[in-house]
Amino acid sequence: MAEVKVKVQPPDADPVEIENRIIELCHQFPHGITDQVIQNEMPHIEAQQRAVAINRLLSMGQLDLLRSNTGLLYRIKDSQNAGKMKGSDNQEKLVYQIIEDAGNKGIWSRDIRYKSNLPLTEINKILKNLESKKLIKAVKSVAASKKKVYMLYNLQPDRSVTGGAWYSDQDFESEFVEVLNQQCFKFLQSKAETARESKQNPMIQRNSSFASSHEVWKYICELGISKVELSMEDIETILNTLIYDGKVEMTIIAAKEGTVGSVDGHMKLYRAVSPIIPPTGLVRAPCGLCPVFDDCHEGGEISPSNCIYMTEWLEF
């Protein structure tokens, strides 16, 4: 008599246990897991059971659904964002997640469309809805004046988006930069003059004429000439323009950890310098440093007759 083999079906797993295991996997891989990862960790679970558990976790707002180059990703949802997105559909959650991932640099609607694979009309509708809920905001970028980037409502835009302290409503504050330029140079000049008046030996005078970027930053802050909060990086940017103008020189010295103004054990020092001999008029002509010198010719879009730098030089 032929032997009859009976296929033994594995007992159905508890749905709650499957959900808990998926949550554990998401905690182990905070950047997200794929369906393949779940399948590898739970090979005895049928695909339909996995799908039911995942859909239940998504509907309960415990997981986020993301798209990546490798396919769909499931990621544990932040408890704060879960409350914010309560009542939103999956498409709205997806767009919100894409914007959140962009951070404070924001993301264009074109890129949201590319990552979500949603129609542009649907994306515009979702963006307006999220803006009305004050979950996201649109910020104009200095890189593209006619385009807006979207980011979470409570984020401070990155300097690359706003232009930092040098821009106001996308307009470059040239007068403000010029004032800072003058005041930074004035401070370094007074520092050098004080060192000369000390009547000490030349080496001590030279060392005393240096000032750290932190000292310059503190001086500018105490003047109160800026309506926006300036960082040491902002002041170093101004000091760099003075270096390019030949008015200031910089040196870097080693500094103890924790020293005010030091970064990674180094400190930048600046001092005002004067040229040994004044440059001749021809050397000071703007043509010698003009980046569009090769394109400049009479009758062209760039020409000596309409050059503002040439006009300023002749008036000087």
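The values are calculated or read from the model by the stated rules, or taken from the named source; none is laboratory data. As the structure is a prediction and not an experimental result, all values here were calculated from the model. We place every Cβ from the backbone using ideal geometry, glycine too, and count neighbours over all the protein chains shown. To get the accessible areas, we keep the full protein, side chains included, count just its heavy atoms, and leave off ligands, DNA and RNA. Shrake-Rupley method; radii C 1.70, N 1.55, O 1.52, S 1.80 Å.
Name every residue in segment 235-255 that is part of a loop (DSSP other than H, G, I, E, B) and over 27 Å from Ser274 (Cβ atoms), in order of residue number.
At the first step, the residues of segment 235-255 found to be part of a loop (DSSP other than H, G, I, E, B) are 245-247, 255.
Answer for segment 235-255, where residues must be part of a loop (DSSP other than H, G, I, E, B) and over 27 Å from Ser274 (Cβ atoms): just Ala255.
When you check Leu66 against the structure, is it open to solvent by less than 30 Å² (accessible area, probe 1.4 Å), outside any helix (DSSP H, G or I), outside the structural domain of Tyr96 (by the TED database) and closer than 25 Å to Leu118 by Cα, yes or no? So that I can check it myself, show each step before the final result.
Working: open to solvent by less than 30 Å² (accessible area, probe 1.4 Å): yes; outside any helix (DSSP H, G or I): yes; outside the structural domain of Tyr96 (by the TED database): yes; closer than 25 Å to Leu118 by Cα: yes.
Against the criterion (open to solvent by less than 30 Å² (accessible area, probe 1.4 Å), outside any helix (DSSP H, G or I), outside the structural domain of Tyr96 (by the TED database) and closer than 25 Å to Leu118 by Cα), Leu66 qualifies.
How many residues, within segment 144-197, are among the small types (Gly, Ala, Ser), under 15 Å from the mean Cα position of the chain (by Cα) and part of a strand (DSSP E or B)?
Here the count works out to 0.
Residue by residue through segment 256-278, note down the ones that are modelled with pLDDT of 75 or more and part of a loop (DSSP other than H, G, I, E, B).
Quick first cut of segment 256-278, residues modelled with pLDDT of 75 or more only: 256, 265-274.
Residues satisfying the conditions are Lys256, Gly265, Val273, Ser274.
Could you grab me the full set of residues in segment 127-143 that are closer than 17 Å to Ala102 by Cα and not in a loop (DSSP other than H, G, I, E, B)?
Selection gives Leu127, Leu130, Glu131, Ile136, Lys137, Ala138, Val139, Lys140, Ser141.
Determine the pairs where a residue that is basic (Lys, Arg), located within segment 250-274, has a partner that is assigned to a strand (DSSP E or B) and surrounded by 17 or more Cβ atoms within 10 Å (Cβ to Cβ) with Cβ atoms under 8 Å apart, the partner being 6 or more residues away or on another chain.
Once the first residue is basic (Lys, Arg) and sits in segment 250-274, its partners that are assigned to a strand (DSSP E or B) and surrounded by 17 or more Cβ atoms within 10 Å (Cβ to Cβ) give Lys268/Ser212; Arg271/Ala211; Arg271/Val248.
Against the conditions (1) at pLDDT 80 or above; (2) over 24 Å from Ile76 (Cβ atoms); (3) within 17 Å of the chain's Cα centre (by Cα); (4) open to solvent by 50 Å² or more (accessible area, probe 1.4 Å), where does Ala138 fall short? Just the number, please.
Condition (4) is where Ala138 drops out.
Evaluate segment 224-234: report whether one residue or more is at pLDDT 85 or above, open to solvent by less than 50 Å² (accessible area, probe 1.4 Å) and under 23 Å from Ser274 (Cβ atoms).
Among the residues of segment 224-234, not one is at pLDDT 85 or above, open to solvent by less than 50 Å² (accessible area, probe 1.4 Å) and under 23 Å from Ser274 (Cβ atoms), which makes the answer no.
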